[in-house]
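Here the structure is laid out as structure tokens; the discussion comes afterwards.
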Amino acid sequence: MSLIGSSQFDGHYFWEHLVHPQGFFLTAVWTTIYLAVGGQVFGTILGLPLAMARRSSNRLLVSAAWFYSWIWRGTPLLVQLLIVDVGLAEAGIYRWNDINFGLFTLSGAAQAALVTLALAEAAYMGEIFRAAIGAIDRGQWEAAKSVGMAPWTTMRLVILPQAARVVVPPLGNEFITMLKQTSLLSVIGVTELFRTSSDINSADFKTFEIFTVAALWYLLLTSVWALVQHWIERRLARSERAVVATADKDPFERLTGIAH
Amino acid sequence: MPFQPVPGSAAASTAVVEARDVDKWFGDLHVLQKVSLTVGLGELLVIIGPSGSGKSTFLRCLNHLEKIDSGSLTVNGHLIGYRSRNGKLVEDRERRISAQRRDIGMVFQRFNLFPHMTALENVTAAPVHVLGMKRADANELGMTLLARVGLHHKAASYPGHLSGGQQQRVAIARALAMKPALMLFDEATSALDPEMIGEVLDVMKELAQEGMTMIVVTHEMGFAREVGDRVVMMDAGSIVEEGKPADLFSNPGHERTRSFLSKIIH
């Protein structure tokens, strides 16, 4: 390994792309955000019934939910994306067509991306919900039963609000992973942050500069999320703020693990 | 099947609880062995016995937190957890069991308050979400009940900010909010610091004096003697003997009762 004598770093190019991003670049950032948020939201919504199915007394439901998790957790997202987008179309099963919502068009590739991200995420969120529900003290179920609450009422009023607190930290990890793995969507032609950076790189060959800019954008997005997560945890811990120490870590410490 | 159909007997008019030959197994362990007893309207029955004797399990069977293997349990003449079909007992649907539990209040050793709800919300949750009571009415009821256990000033506090004794009193108010016909106390003071036991027992005594039908599993012999109508001594899953507290404590008829009492009363 040797350092190249004269620095080729183009500071002006780097700075211009960082502070004056072009419109199409910001559109790509926005695409990254809405696909990550959409994938996480739908994945979380689907994960809950999956967790319920795993906990059910019906063996068929348990097996079906287990099978689902086995498939989606056991295969790479990249492969899943190609099967759902290109694969389905090639096999003549389903073709994702652009949908026009008036103000904005959701491309076929973005739809395939959203569906795949959500279905894959559901498998992970299902496990997280299952563990969180299982972590609630048995006495809570018994107390709810003893005042006549039916199982679903118990779940909704007593168990899930408590499980939510347990879910947030791992959910935060999931969402950070989600934000970063949207870069894989480039392979099915979704013009997100990574794809756009690649395109710029192909034109300008300023690899170090443009991917450093991209990295800083990813860092910004994950940092904003850390703040949001901190806020959510504080809200959920209102009832026992004194008891919950982790929620009182400040955002810097949460992100870096460094106390200051 | 050892199950027996239960006739709606005439005697049930004054008996709130009727247990007949209740058997329960935990795996190979025979935790309840042909337990039969009745509790009359307004009666306070105390169940004593060493740990593992089955007294808590019996209480938990009474609102079907535990299943029974044979025999029958009725509260106010209704079979708990099961229904008779062609002379056999089959387990009820969860929804029907939930409805039956409304009439049976239970207070747990570890309080089991809902930690994400305030004291008032703990009390009003079931009236609002199970009985469909209006929020304003439920709050009024809740405040009345909290006042009754001496905690109306703690209505907005979360359980994490209450002492053990206060939590248990909120738990009693929560159970009373469903206007139960029967109250079960499962070692309600065993998890409390000594200085807090009195405040909980006082609430229980008041409840007894107001005529509530109660089954109390406890080691508090003073309480049993003072307000208990009848004491049942259990050991190894069966009832050893029963009697009036004064008689049973001063003159136990059975060696196992005698040795148990000598260990617990110093």
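By a 1.4 Å probe calculation restricted to protein chains, A:TYR94 has an accessible surface near 110 Å², given to the nearest 10. With 50 Å² as the minimum drop in accessible area between chain alone and full protein complex (1.4 Å probe), the qualifying residues in segment A:135-154 are A:GLN140, A:GLU142, A:ALA143, A:LYS145, A:SER146, A:VAL147, A:GLY148, A:MET149. Simple spin-label estimate for A:TRP70 and A:THR222 gives 3.3 nm between the two label positions (7 Å along the Cα-to-Cβ direction from each Cα). The label-point distance for A:THR105 and B:ARG225, in a model that sets each label 7 Å from Cα toward Cβ, rounds to 9.0 nm.
Our Cα-only numbers for chain A put the radius of gyration and Dmax at 22.1, 78 Å. Protein heavy-atom surface of segment B:171-255, 1.4 angstrom probe: 46% of the accessible area is carbon and sulfur, with nucleic acids and ligands not counted.
Centre-to-centre, using Cα atoms only, segment A:1-69 and segment B:32-64 are separated by 57 Å.
If you take the Cα centroid of segment B:106-147 and the Cα centroid of segment B:225-243, the two points sit 32 Å apart.
With N counted as the residues of segment B:82-233, its alpha-carbon radius of gyration over 2.2 N^0.38 Å works out to 1.10. Compute the Rg to Rh ratio over chain B from the alpha carbon atoms, using the Kirkwood formula for Rh, and round to two decimal places. My calculation of the ratio gives 0.97. Computed over chain B with a Gaussian network model linking Cα atoms closer than 10 Å, the most mobile of B:VAL130, B:VAL22, B:VAL232 is B:VAL130. For chain A, hydrophobic long helices are taken as DSSP H runs at least 30 Å long by C-alpha position along their axis with mean Kyte-Doolittle hydropathy of 1.0 or more; these are A:23-55, A:108-134. Quick one: pull the percent of accessible area on segment A:1-156 belonging to carbon and sulfur, 1.4 Å probe, ligands and nucleic acids left out. Carbon plus sulfur share of accessible area: 66 percent.
Think of chain B as a dipole: +1 on every Lys or Arg Cβ, -1 on every Asp or Glu Cβ, centred on the Cα centre; then among B:LEU182, B:PHE249, B:MET117, B:MET117 lies furthest on the positive end.
Put simply, chains A and B cover up around 2000 Å² of each other's accessible surface, both sides summed, when a 1.4 Å probe is used.
Using a simple charge model, +1 on the beta-carbon of Lys and Arg, -1 on the beta-carbon of Asp and Glu, nothing else, what dipole does segment A:11-256 show about its Cα centre, in debye to the nearest 20?
On the way: 19 positive and 18 negative charges, 218 e Å.
Magnitude of the dipole: close to 1040 debye.
About its Cα centre, segment B:175-260 has a charge dipole of approximately 300 debye under the convention of +1 per Lys or Arg Cβ and -1 per Asp or Glu Cβ, with nothing else charged.
Using helices alone, I'd like the mean residue ellipticity at 222 nm for the protein assembly as shown: each DSSP H run of four-plus residues gives -39500 (n - 2.57), total over residue count, nearest 500. Could the numbers behind the result be given before it?
Values: 20 runs with 267 residues, N = 526.
Here the helix-only value at 222 nm equals -16000 deg cm²/dmol.
Can you give the FRET efficiency for A:ALA203 and A:ARG95, using 1/(1 + (r/R0)^6), R0 = 30 Å, r = Cβ-Cβ distance, to the nearest 0.05? Approximately 0.45, to the nearest 0.05.
How many Å² of accessible area per residue for chain B, probe 1.4 Å?
Accessible area per residue: 43 Å².
Ranking A:LEU48, A:ALA110, A:VAL84 by Cα position along the charge dipole of segment A:1-150, where only Lys, Arg, Asp and Glu carry charges on their C-beta atoms, puts A:LEU48 farthest toward the positive end.
Extension gain for the segment B:LYS205 to B:SER190, taken as residue separation times 0.36 nm less the Cα-Cα distance, is 3.8 nm to one decimal. Computed over protein heavy atoms with a 1.4 Å probe, the accessible surface of segment A:11-256 works out to 51 Å² per residue.
Calculated FRET efficiency, B:SER262 and B:ALA181, Cβ-Cβ r, R0 35 Å, to nearest 0.05? Could you put the intermediate results ahead of the total?
Numbers: r = 36 Å, r/R0 = 1.04.
That pair, B:SER262 with B:ALA181, gives E of 0.45.
Over segment B:158-266, all Cα pairs binned in 5 Å intervals from 0 give whole-percent P(r) values of 2, 11, 20, 22, 18, 14, 8, 4, 1, 0, listed from short to long. Between A:VAL86 and B:LEU41, the modelled label-to-label distance comes to 8.0 nm, taking each label 7 Å out from Cα in the direction of the beta carbon. If you run the Gaussian network model on chain A, springs between alpha carbon atoms under 10 Å, then out of A:VAL168, A:VAL187, A:VAL37 the most flexible one is A:VAL187. Dimensions of the protein assembly as shown along the principal axes, based on C-alpha atoms and rounded to the nearest Å, stand at 103, 56, 51, largest first.
Dipole size in debye (nearest 20) for the protein assembly as shown around its Cα centre, Lys and Arg Cβ +1, Asp and Glu Cβ -1? Can you show the working numbers first?
Working: 48 positive and 49 negative charges, 217 e Å.
In debye, rounded to 20, the protein assembly as shown gives about 1040.
The values are calculated or read from the model by the stated rules, or taken from the named source; none is laboratory data. These figures come from a predicted structure and were not determined experimentally. All Cβ positions, even for glycine, are placed from backbone atoms using ideal geometry, and neighbour counts span all protein chains on display. For the accessible areas, the whole protein counts, side chains as well, though only heavy atoms, and no ligand, DNA or RNA atoms are used. Shrake-Rupley method; radii C 1.70, N 1.55, O 1.52, S 1.80 Å.
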